[in-house]
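Accompanying notes for the structure given below.
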């Protein structure tokens, strides 16, 4: 059994987030619960989050290292957008009931 290296793990994680972007984009076309802009924002944010993992693999830095402060803020921004989307979804869901 081989261990995933730091670089391979981040590449795999980046691919995972990009796949989720495609899935959320396709789901947005089928689900009428949320407006189309919601799905665009969510999908774009998944791509951004995946790109941050690609950058992490390329530069071989962790967002927790002091030299990678820019990566920390990039990931933090994406997490804030995910939280915003979650709140938006929960509010919309409770209003539809």
Could you work out [θ]222 nm for the chain from helices alone, using -39500 (n - 2.57) per DSSP H run of at least four and dividing by all its residues? Round to the nearest 500 deg cm²/dmol. -28000 deg cm²/dmol
Taking 0.36 nm per residue of separation between residue 60 and residue 72 and subtracting their Cα-Cα distance, the length gained on full extension comes to 3.0 nm
For helix 36-59, report the angle its Cα long axis makes with the longest principal axis of the Cα atoms of the chain; keep it between 0 and 90° and round to the nearest 10°. 0 degrees
With Cα atoms, 0 to 90° folded angle of helix 6-30 axis to the chain main axis: 10 degrees
Extended-chain gain in nm, criterion 0.36 nm per residue less alpha-carbon gap, residue 15 and residue 33: 3.8 nm
For helix 69-96, report the angle its Cα long axis makes with the longest principal axis of the Cα atoms of the chain; keep it between 0 and 90° and round to the nearest 10°. 20 degrees
In the list (i) 142; (ii) 114; (iii) 104, the entry giving volume of the Cα convex hull per residue in Å³ computed from the coordinates is (ii)
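Computed from the coordinates by the stated procedures, all read-outs in this text should not be read as laboratory data. The shown structure was predicted, so the numbers you read here are calculated from the model rather than taken from an experiment.
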